[in-house]
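Trainee: Structure in structure tokens, see below.
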Amino acid sequence: EFLKKEFSEENVLFWLACEEFKKTQGKKQMQEKAKEIYMTFLSSKASSQVNVEGQSRLNETILETPHPLMFQKLQDQIFNLMKYDSYSRFLKSDIFLNHKKSEEQEENSPEAQTAAKRASRIYNT
């Protein structure tokens, strides 16, 4: 939700698509998924284009011979962008602060004080 509001939801969607791609079996399926990732996130006409360095963009010809780690360099770039930019802003956002506050209120409610939770607080586990 935060990334949607920041207009950078495509970053996490690209990262997740790459993770899923790594698990793909079979050349035909890899070609199809690679093309889908390329057309969705990397092509100059992509509907959800990610912001990666120009020289890191893949040429469409590489889609013919896909391999599980073909998007790794680009995925790492997007991960670092999210880690050092989006995530720090997320931690200061109202979305995160409100969620954190509601979790803390739940934890402190009498109903949440199960024996296991009380024990973990006592023994710091």
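Trainee: Mind listing whichever residues of region 11-36 are of a type in the set (Lys, Arg) and either touching a Lys or Arg at 6+ places or on another chain (Cβ under 7 Å) or in a helix (DSSP H, G or I) (or both)?
Mentor: Scanning region 11-36 gives LYS22, LYS27, LYS28, LYS33, LYS35.
Trainee: Moving on to the next point. What is the number of the single condition among (1) aliphatic (A, V, I, L, M); (2) surrounded by 15 or more Cβ atoms within 10 Å (Cβ to Cβ); (3) modelled with pLDDT of 95 or more that LEU16 does not meet?
Mentor: (2)
Trainee: Could I ask something else about it? Within region 37-45, identify whether any single residue is open to solvent by 40 Å² or more (accessible area, probe 1.4 Å) and at pLDDT below 90, and answer yes or no.
Mentor: Yes: region 37-45 contains one or more residues that are open to solvent by 40 Å² or more (accessible area, probe 1.4 Å) and at pLDDT below 90.
Trainee: So, of the residues in region 19-36 that are among the basic types (Lys, Arg) and under 30 Å from PHE96 (Cβ atoms), which turns out to be least open to solvent (accessible area, probe 1.4 Å)?
Mentor: LYS22
Trainee: Turning to a different aspect of this structure: Give the residue, chosen from GLU36, GLU9, GLU53, GLU60, that is over 12 Å from the mean Cα position of the chain (by Cα) and in contact (Cβ under 8 Å) with a residue 24 or more places away in the chain.
Mentor: Exactly one residue qualifies, and that residue is GLU53.
Trainee: Restricting the first residue to region 76-92 and requiring it to be closer than 15 Å to GLU1 by Cβ, which pairs with a second residue that is surrounded by 13 or more Cβ atoms within 10 Å (Cβ to Cβ) and of a type in the set (Asp, Glu) meet a Cβ separation below 8 Å and a spacing of at least six or different chains?
Mentor: Matching pairs, first to second residue: SER86/GLU6; ARG89/GLU6.
Table: residues versus (1) closer than 30 Å to GLU36 by Cβ; (2) part of a helix (DSSP H, G or I); (3) open to solvent by less than 90 Å² (accessible area, probe 1.4 Å).
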site: HIS67; (1), (2), (3): yes, no, yes
site: LYS73; (1), (2), (3): yes, yes, no
site: ASP76; (1), (2), (3): yes, yes, yes
site: LEU97; (1), (2), (3): no, yes, yes
site: LYS101; (1), (2), (3): no, yes, no
site: GLU106; (1), (2), (3): no, yes, no
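Trainee: Report, by residue number, each residue of region 37-65 that is assigned to a helix (DSSP H, G or I) and closer than 20 Å to PHE79 by Cα.
Mentor: Residues satisfying the conditions are ILE37, TYR38, MET39, THR40, PHE41, LEU42, GLY54, GLN55, SER56.
Trainee: In region 46-59, how many are among the small types (Gly, Ala, Ser) and exposed (fewer than 10 other Cβ atoms within 10 Å of the Cβ)?
Mentor: So the count comes out to 2.
The values are calculated or read from the model by the stated rules, or taken from the named source; none is laboratory data. Every value quoted in this text rests on a predicted model; they were computed, and no experiment measured them. So basically every Cβ, Gly included, is an ideal-geometry build from the backbone, and we count neighbours across all protein chains shown. Please note that ligands, DNA and RNA were not included when accessible areas were found on the heavy atoms of the full protein model with its side chains. Shrake-Rupley method; radii C 1.70, N 1.55, O 1.52, S 1.80 Å.
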